[in-house]
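> Can you keep this structure in mind? I'll have questions shortly.
Here, each number is a calculation from the coordinates, and none is a lab measurement. Everything quoted here is computed from the prediction, not taken from an experiment. A quick note on method: Cβ atoms are made from the backbone with ideal geometry, for glycine too, and the neighbour counts reach across all protein chains shown.
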Amino acid sequence: MAELNSSPEKTGGKSPRKKLAARVDLTAMVDLAFLLITFFMLTTSMNKPGMFGLNMPTDERPDPPMFIPESRTMTLCIGSNHQVLYYLGMTEKPLTDPKLCTFNKEGLRKAILDMQALVLKNTGKSLMVLIKPSDKSQYVDLVNTLDEMKITGIEVFPIEDIGTKEIAFLKQKNVY
């Protein structure tokens, strides 16, 4: 049982009035606190972490095959030192010069948004991004790239194997 006792204090030469010790029983309050804690623990739901949806390829081929022109395709080659090389078009003949950026608002996000606006202005359609991580890149860079896809609203972004031409681009910029 929990109690709160206070005993009278003695002061100097005078004899104080006789005070009775106050006694408060705290058992009911402790019981109530534990009941409230238990109630809120049982009725509270935990936040579930959100995840990206993942569409895996199937063996079925679409009729007719899906064709996306080079003018709507942005390629991201993830290199070392947390840097990304990007360009518009395909590897054999890029429509823009390959440029380097980092994983921040003024880097990759700005590059994607600028390219998105350019493609929308020129074609009136949405941008598709090809993500090609190199063997020198880190897993966190791929995750950051996927986060940027979600933030910028890119709906189609396949992850592909990097080719020798992309590796040559990365070597030219010293990020491989």
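> Rank S137, A168, T102 by how far each Cα sits towards the positive end of the charge dipole of region 70-172 (+1 on Lys, Arg Cβ; -1 on Asp, Glu Cβ) and give me just the farthest.
Among S137, A168, T102, the one farthest towards the positive end of the dipole of region 70-172 is T102.
> On to the next question. Treating region 70-172 as a set of equal point scatterers at the Cα positions, no solvent, please give the Debye-formula log₁₀ I(q)/I(0) at q = 0.11, 0.12, 0.25 Å⁻¹.
The calculated log intensity ratios at q = 0.11, 0.12, 0.25 Å⁻¹ are -0.27, -0.33, -1.57.
> Looking at A111, S126, M149, which one has the Cα that reaches farthest to the positive end of the dipole of region 110-152 (charges on Cβ: Lys, Arg +1; Asp, Glu -1)?
S126
> Let me ask something additional. Ranked from highest to lowest mean number of other Cβ atoms within 10 Å per residue, what is the order of the peptides 26-32, 131-137, 151-157?
Ranked by mean Cβ neighbours within 10 Å, highest first: 131-137, 151-157, 26-32.
> Assigning unit charges at the beta carbon (Lys, Arg +1; Asp, Glu -1) and nothing else, what dipole magnitude in debye, to the nearest 20, does region 41-176 show about its Cα centre?
Here region 41-176 has a charge dipole of around 440 debye.
> Here is a further query. Which ³J(HN,Hα) values, rounded to whole Hz and listed in residue order, are derived for region 31-36 from phi using the Karplus coefficients 6.51, -1.76 and 1.60 in 6.51 cos²θ - 1.76 cosθ + 1.60 with θ = phi - 60°, glycine and proline given as x?
Per residue, the Karplus-derived 3J(HN,Hα) values read 4, 5, 4, 5, 5, 5 Hz.
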